[in-house]
1. Classify the chain: rounded, prolate or oblate, from the alpha-carbon gyration tensor (a ≥ b ≥ c, eigenvalue square roots; a/c under 1.5 rounded; otherwise prolate if a/b is larger than b/c)?
2. Of the cross-linked pairs Lys110/Lys278; Lys31/Lys141; Lys21/Lys278, which ones have a Cα-Cα span greater than 19 Å in the structure shown?
3. Against the globular-protein guess of 2.2 N^0.38 Å, express the Cα radius of gyration of the stretch 217-272 as a ratio, rounded to two decimals.
4. What list of ³J(HN,Hα) values in whole Hz, one per residue of the stretch 291-300 in order, does the Karplus curve 6.51 cos²θ - 1.76 cosθ + 1.60 (θ = phi - 60°) give from phi, with Gly and Pro shown as x?
5. Once phi is turned into ³J(HN,Hα) by the Karplus curve 6.51 cos²θ - 1.76 cosθ + 1.60 with θ = phi - 60°, what whole-Hz value does each residue of the stretch 81-93 show in order, with x for glycine and proline?
6. Residues with amide H under 5 Å of Arg142's amide H, sequence separation 5 or more or different chain, H placed in the peptide plane at 1.01 Å from N; which?
7. Under a Cβ-Cβ cut-off of 12 Å, what is the net charge of the residues other than Phe2 that fall near it, where Lys and Arg count +1 and Asp and Glu count -1?
8. Once every DSSP H run of n ≥ 4 in the chain is given -39500 (n - 2.57) and the sum is divided by its residues, what mean residue ellipticity at 222 nm do you get, rounded to the nearest 500 deg cm²/dmol?
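The values are calculated or read from the model by the stated rules, or taken from the named source; none is laboratory data. Fair warning: this is a prediction, and the values are worked out from it, not measured in the lab. When we count neighbours, we look across all protein chains shown, and the Cβ atoms used for this are built from the backbone with ideal geometry, even at glycine. Just the protein is used for accessible areas: all its heavy atoms, side chains included, with ligands, DNA and RNA removed. Shrake-Rupley method; radii C 1.70, N 1.55, O 1.52, S 1.80 Å.
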Amino acid sequence: MFSLELSGLTPQQFLATYWQKKPTVIRQGFKDFQDPITADELAGLACDETVESRLVYKKAGEWQAEFGPFESYEHLGEREWTLVVQAVDHWLPQVAALAEPFNFIPSWRKDDLMMSFSAPGGGVGPHIDLYDVFIIQGTGKRQWRVGERGAHSEFAAHEALLHVEDFEPIIDVVLLPGDILYIPPGFPHDGKALEAALSYSVGFRTNSGYELIEGLADYLGEHCLAKDLMTDAGRLMTLRPGEISAQDYDLIKQHLLKMINDDELFSRFTGEFLSQAKHELDIAPQDDEGYSREEVIGLLQQGTMLHRLGGLRCLYLASGLSQGRFYIDGDEKQLPSEMKAVIQLLCDHSSVSAELLLPWIEQEAFLEFLIEQLNAGYWYFDGA
Ligand code: SIN
Ligand code: CO
């Protein structure tokens, strides 16, 4: 278990002071920090074709980027390169544990846990992110410079690298193992390894209006919803057939707003949309038979802990929860409304003890749901 200390602030004080507002350094946020994986293990992960990774380095003074999977790192030399691996929390539970202390921010805001290994002098170059990020320093030392939010000109240092022009730092620090740098979206930053270094970026993001509308359109299409056409009985004659009148403009706008104001529709879209995984999930192939009810009951009776697959999103809205409705990996789920407490248990916690689950498996609907989820590879038992 990692225990987070926010420079003496409570999570609420941290949110009120810094969240989305200004960057800050949290010295020894994780005291006595021990890396949950080694640089070699990270390099090995980036050899897997299902894992998203990239290498960033300079060749003859020019920025270069290569995308994984990688077979070898031998062409890189001793200095000035960085390996970035996306969504490591999806693959390694011991790394996912590092994001848990940030659960004072809701899961739907979470993006992924990205890791990087930098050789001495390495870094991905000065850039701006659209994310809120907590960059945790693992082994090694890294110098971080962060500039003020504002109009910074960006340019493609390489076709895959959007960099920002040099900036005046408002933060210029050397991070040591266990230190954390929090950066809200829009602040330019640049991290350079002073010695071989591992970094863990716990990222959070929101959606643009475009992404929401695009997601909503997909949702409506998938569920065959909002097919009603606008109606305009009682129309008055026009002398200007070329005009979209103010009334007609309002008719169109209201037709769209009616759909968004339909809380039954919009809340269900919100749940499905926000619970979609952002990166590939490590769904283990199930053997043909899967778990039987006897096995599941037996494992829980033996006290076996249940874990949620890394990166799997399980969410509920208060309005739907009272009806037993919740969302897993982009799909709506329904259990009897009396099961509200166990739905919260599964959605609010990434691991649940057998003791807490045992009373619920006496209810057939829950046992069936649990078996289905285990056999889909979404949850797994300790040691499985
Ligand atoms: C890195 O770890 O090199 C990149 C982190 C970041 O700047 O967002
Ligand atoms: Co960044």
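1. oblate
2. Lys21/Lys278
3. Rounded to two decimals, the normalised Rg is 1.45.
4. 6, 9, 4, 4, 4, 5, 4, x, 4, 5
5. 8, 9, 9, 10, 10, 7, 6, 5, 5, 6, 10, 10, x
6. Those lying under 5 Å, H to H, from Arg142 are Leu175, Leu194.
7. Charge balance in the 12 Å sphere: -3.
8. Value at 222 nm, helices only, nearest 500: -7500 deg cm²/dmol.
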